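The values are calculated or read from the model by the stated rules, or taken from the named source; none is laboratory data. Given the structure is predicted, the values throughout are model-derived calculations rather than measurements. As a convention, Cβ positions derive from the backbone with ideal geometry for all residues, glycine included, and neighbour counts pool all protein chains shown. Surface accessibility is based on the protein's heavy atoms, side chains included, excluding ligands, DNA and RNA. Shrake-Rupley method; radii C 1.70, N 1.55, O 1.52, S 1.80 Å.
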Number of protein chains: 2
Amino acid sequence: MSRRHTSGHYDNLLRELKDRLLAMSGLTEQSLRDATRALVERSPSLAREVIDRDDQIDRLELEIDDLCLRTLALEQPVASDLRFLGAVLKIVRDVERIGDIGANTAKRVSELLEEPEFKPLVDLPIMSRTAQQIFRTSLDAFVNADADLAQQVIRDDRMLDDMYEQLLRELLTYMMEDPRTISRSLKFVFIAKGFERVGDHAANIAEMVVFLVRGQDIRHGTSADR
Amino acid sequence: MSRRHTSGHYDNLLRELKDRLLAMSGLTEQSLRDATRALVERSPSLAREVIDRDDQIDRLELEIDDLCLRTLALEQPVASDLRFLGAVLKIVRDVERIGDIGANTAKRVSELLEEPEFKPLVDLPIMSRTAQQIFRTSLDAFVNADADLAQQVIRDDRMLDDMYEQLLRELLTYMMEDPRTISRSLKFVFIAKGFERVGDHAANIAEMVVFLVRGQDIRHGTSADR
């Protein structure tokens, strides 16, 4: 019932899908980076930019969805392409959620910038960079169909979980020592939790890559989605 | 290129998809309910049951994905069915995430049960019930293709956001008054945040229903996904 595609047309569609997904994830990564930079450099205008950028990321999700569904409808893809398109529909959602995390981080940063600094910012930027890198790697693994790289992402996500736990313990100490810092510390906790969730989304994407490449579903076999 | 389906076979497939999605979301809702009950009744064994149940929910996601992709491959559905199948692939992911929230809630409850009680549990069970109800309604709206009901879900999600903000403020007061409660209070904050995210997922599902029924994409038009 399916037919093999030897035409360049279909290949072009798939390439366009990958390109748009990469463009979307590039913007999303930039949001994480800029939201963190807004905190470190105490720049409310940069935080504002990130919040405004979220609409653009959301529009890209809708466009990619649309292109996926049109491809499904018109091209009647074979089994492996079908799995690929199904994966794109899911991955684009993870990317969009990471975009939301970027925008939410920027919102919390805006609030924090109205209050005095209270803690040297060392761990949080490192955690943000790690999250960005894991996310980028998961997309690289997807577009290159690289299952080994995907496995690496799943391992690295656990590192991010550990960084979060450590930061949480540190912030708890601050809160207990000086209850006046509780409200601010909580905002840091939520920002860190966001970065930890970026890792979870990246691990989800990576599990999907392993599934696509090896035809083996390891989703839910790891503890990635927490 | 697509063909109309007048056969009962295809209708049966769609019905089976809906049934499985409902079975999965029923289990997921039960996890939220039981995790909350485990906290109120201080039952570690009930919390354990919820954690164990997550595997079953995860397996259902994989089965539904598989059925969706096979239907796409074999039935070459027309445009509206295609949109429906694309929506199922996305919705099943939201449901699975809600399942994770249930399991994570149960894990935090297990930790809390090892510590003494410190606060009357009034708001959290109410918030949990509201989240369950919004979630159930979003699925009802989906299987009945009821856009009005979906709009209701989107409105109700905002109520859940308000409940979360109020609970957060209350817990902040506890923490400031007695820093020894900070660690436990934080667990309550995370549980409440989980329920708030259930509402976000339900709102996502509801936006997809409006899209399916009215052919109008209101995703990202609301502030549902935060």
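Note down the Stokes-Einstein diffusion coefficient of region B:121-177 in µm²/s, whole number, using a Kirkwood radius over alpha carbon pairs, 37 °C, and 0.692 mPa s.
Rounded to a whole number, D works out at 263 µm²/s.
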| Per-residue ³J(HN,Hα) for region B:45-53, Karplus 6.51 cos²θ - 1.76 cosθ + 1.60, θ = phi - 60°, Hz, x for Gly and Pro | 5, 5, 4, 4, 4, 4, 4, 5, 5
| remark: Expressed as a whole-number percentage, the relative contact order of chain B with C-alpha contacts under 8 angstrom and at least six residues apart is 23
| note | Across the alpha-carbon set of region B:26-123, Rg over Rh with Rh taken as the Kirkwood radius works out to 1.18
| query | Which lysines does A:Lys90 reach when only Cα atoms under 25 Å apart count, and residues fewer than 8 places away in its own chain are ignored? | reply | A:Lys18, A:Lys193, B:Lys18, B:Lys90, B:Lys193
| request: Based on alpha-carbon positions alone, could you give the equivalent ellipsoid semi-axes of region B:93-134 from the gyration tensor, as √(5λ), descending, whole Å? | output: 22, 15, 4
| Mean Cβ count within 10 Å, highest first, over the residues of peptides B:168-177, B:183-192 | B:183-192, B:168-177
| task | For chain B, with a Gaussian network of springs between Cα atoms less than 10 Å apart, report the residue from B:Val50, B:Val95, B:Val78 with the top mean-square fluctuation. | result | B:Val78
| Which percent of Cα-Cα pairs in chain B sits in each 5 Å bin, short to long? | 1, 7, 14, 17, 17, 14, 11, 8, 5, 3, 2, 1, 0, 0
| task | Could I have the simple spin-label model distance between A:Arg70 and B:Ala23, label points 7 Å from Cα toward Cβ, reported in nm to one decimal? | result | 3.7
| Helix B:79-112: angle to the longest alpha-carbon principal axis of chain B, degrees 0 to 90, nearest 10? | 20
| request: One decimal, nm, shortest first: give the distances between the label point of A:Lys193 and those of the same position in the other copies, each label point 7 Å from Cα along Cα→Cβ. | output: 0.2
| For A:Asp11 and A:Glu170, what is the calculated FRET efficiency with R₀ set at 45 Å and r taken between the beta-carbons, to the nearest 0.05? | 0.35
| note | Quotient of Cα radius of gyration and Kirkwood radius for the protein assembly as shown, i.e. Rg/Rh, equals 0.97
| query | How long, wide and thick is region A:90-215, going by the Cα atoms along their three principal axes, in whole angstroms, largest first? | reply | 53, 24, 17
| task | Mind pulling the angle between the C-alpha long axis of helix B:123-143 and the longest principal axis of chain B? Nearest 10 degrees, somewhere in 0 to 90. | result | 0
| field | For B:Arg129, label point 7 Å along C-beta direction: distances to other copies, nm | value | 5.0
| query | Given labels modelled 7 Å from the Cα in the Cβ direction, how far is it in nm from A:Glu111 to A:Val78? | reply | 5.3
| Once the Cα gyration tensor of region A:153-215 is diagonalised, semi-axes √(5λ) in Å | 33, 10, 4
| query | Quick one: Cα centre-to-centre distance for region B:21-96 and region A:52-111, in angstrom? | reply | 20
| query | Cα axis of helix B:8-40 to longest principal axis of chain B: angle in degrees, 0 to 90, nearest 10? | reply | 0
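Around B:Ala145, under 11 Å between beta carbons, what's the net of Lys plus Arg minus Asp minus Glu among the other residues?
Net charge around B:Ala145: -1.
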| remark: With all protein chains present and a 1.4 Å probe, the order of B:Phe84, A:Phe195 from largest accessible area down is B:Phe84, A:Phe195
